[in-house]
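Right, one structure below, let's go through it.
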Amino acid sequence: MDKLSADQRHKNMAAIHSKDTKPEMIVRKGLWNRGFRYRLNSPRLPGHPDLVLKKYRTCIFVNGCFWHGHNVEVRSEKGGVKSSECCKIPNSNQKFWVAKIKRNQERDIETQKQLAEMGWHCITIWECELKPSKREQTLKSLAFTLNKIWLEEHAIIGEPYPKLEEEEFGLMAAEEQI
Ligand SMILES: [Zn+2]
């Protein structure tokens, strides 16, 4: 009996764990299938972004709605809080949860600020945006956003002859050196 229940416990824990990582797997698979390549959990960047797309200068965070307080408004230090559709703050121990979620929200803002200062774009994908009914649309707009970022980074939007501009730039730099 004991052994069985230990096995069962292990299975339950494994199930919980894989459930936790599922949203990230959806994003990974969705991007990979669309031809995007990335690195995972870059330890050298602030906040260890879940996915890093160097070519797009973009970090992607896949956030759990509860832990990161999606759409939750913290009204006061005393714990006044408005839960959201996807982040229901428990009534018991509310002060504890509010403080924890608020800390995570603040950390997320700080991390993204640091990354922006380093020249990275940040995209946050929320767990609730990956529900089966919304998943395809979310992945589609993610791919769209990444392509838009790439075009902007390479200044191709509204520039019919980017190559010419580069040459002009080179000439100007050469003149300045003389
Ligand atoms: Zn959400």
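Readers should treat all values here as calculations from the given coordinates under stated rules, not as data from a laboratory. Remember, predicted model here, so these are calculated numbers, not experimental data. Positions of Cβ are backbone-derived with ideal geometry, glycine not excepted, and every protein chain shown enters the neighbour counts.
Projecting the Cα atoms of THR145, ILE101, SER83 onto the charge dipole of the range 23-152, computed from C-beta unit charges around the Cα centre, puts THR145 farthest toward the positive end.
For the range 19-124, the set of GluC sites (Glu not before Pro) satisfying both a DSSP loop assignment and a count of at most 10 other C-beta atoms within 10 Å is given as GLU77, GLU85.
Summing charges over all other residues whose Cβ lies under 11 Å from the Cβ of LEU139, with Lys and Arg as +1 and Asp and Glu as -1, gives +4.
Estimated at 0.36 nm per residue, the fully extended path between ASN147 and GLU73 surpasses their Cα-Cα distance by 23.4 nm. Does the range 48-131 come out rounded, prolate or oblate by the C-alpha gyration tensor, with a ≥ b ≥ c the root eigenvalues, rounded set by a/c under 1.5 and, if not, prolate when a/b is larger than b/c and oblate if not? Prolate, because a/c is 1.5 or more and a/b exceeds b/c.
Given the C-alpha centroids of the range 71-143 and the range 37-66, what is the distance between them in whole angstrom? Using only Cα atoms to place each centre, the spacing works out to 16 Å. Nothing charged except the Cβ atoms of Lys and Arg (+1) and of Asp and Glu (-1): what's the magnitude of the dipole of the range 23-152 about its Cα centre? Round to the nearest 20 debye. For the range 23-152, the charge dipole is close to 260 debye. The distance between label points at MET25 and GLU85 comes to 2.6 nm (points 7 Å beyond Cα on the Cα→Cβ vector).
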